[in-house]
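One structure is given here, and the rest of the page talks about it.
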């Protein structure tokens, strides 16, 4: 059983890279084949034993809430037809999990979005999934892999990392650290840099949209200075904890698709279609 029960989804952003599609549809509701990104994220959290899904949203994202609520008209229309099982997965998630919501009033960075969720999380460790980062795994999900690392280091935050081309490091938070004894894919972080230039990057190990955070992060975020763009970055807050040896970076097993970009979104659809034998 996982000792982490809550997973946070910061889903308040406007998804402007996908306009005009996202003018009325939340980017998290864009489908990979027939399933929206947010549902993949919820299912990954469930695979790691989490049963409370906390959403930091905005007033325009009602579709996300609607997705995880019953739709009696649709269910009645497909009852006793070959389509009856098509809603089984989302209905199962809705039955097994509690969904709670809070609105982010201003878009002031990922750190601010996470801090906004403090009333939903309380004083306990929690996971964070950015649904834009869709991960495909044949075995354990990325979040399940990370919970196993966290259970070995319960006083530490855990971030998922992967190698990226050096000319792309300016899109990510980048870490440097020392390999943990007995592993070849987990590091105790000593440096984190938000979106460095290739010349400034300490490595090409980039943080992706999976985190396990201790409740200590809220006090750190409360005292984290905004960057030059007025945003509070989770990387800066984590760097504060890393100075005390409290951040582990884990190079996960699996494939990540950056569905926050059109290119990555298309790649993900193609990959999932091939896996299901559709192309």
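Points to keep in mind about this one:
- For the stretch 214-241, a residue qualifies if it is out of contact with any helix residue (DSSP H, G or I) (no Cβ under 6 Å at 6 or more places or on another chain), more than 22 Å from residue 146 (Cβ to Cβ) and assigned to a loop (DSSP other than H, G, I, E, B), and the qualifying residues are 223, 225, 226, 227, 228, 229, 230, 231.
- Selection of the stretch 82-95 for residues being in a helix (DSSP H, G or I), surrounded by 11 or more Cβ atoms within 10 Å (Cβ to Cβ) and either free of Cβ contacts under 8 Å to residues at least 24 places away in the same chain or more than 18 Å from the chain's Cα centre (by Cα) (or both) yields 84, 86, 87, 89, 90, 91, 92, 94.
- Scope the stretch 150-193; condition touching a residue at least 40 places away in the same chain (Cβ under 8 Å) and within 17 Å of the chain's Cα centre (by Cα); matching residues: 150, 157, 158, 159, 160, 161, 162, 173
- Exactly one residue out of 122, 109 is surrounded by 15 or more Cβ atoms within 10 Å (Cβ to Cβ) and on the phi > 0 side of the Ramachandran plot: that is 109.
- Taken together, the residues in the stretch 1-45 that are in a helix (DSSP H, G or I), without any contact (Cβ under 8 Å) to a residue 60 or more places away in the chain and surrounded by fewer than 19 Cβ atoms within 10 Å (Cβ to Cβ) amount to 5.
- Residue match in the stretch 122-130 (condition: closer than 24 Å to residue 257 by Cβ and in a loop (DSSP other than H, G, I, E, B)): yes
- Selection over the stretch 242-271 of residues that are out of contact with any helix residue (DSSP H, G or I) (no Cβ under 6 Å at 6 or more places or on another chain) and in a loop (DSSP other than H, G, I, E, B) gives a count of 7.
- Extreme residue, farthest from the chain's Cα centre (by Cα), among residues of the stretch 61-81 that are in a helix (DSSP H, G or I) and closer than 24 Å to residue 51 by Cβ: 75
Where a number appears in this text, it was derived from the coordinates with a stated rule and is not lab data. Quick caveat, the model's predicted, so the values are computed rather than measured. Every residue, glycine as well, gets a Cβ built from its backbone with ideal geometry; the counts of neighbours run over all protein chains shown.
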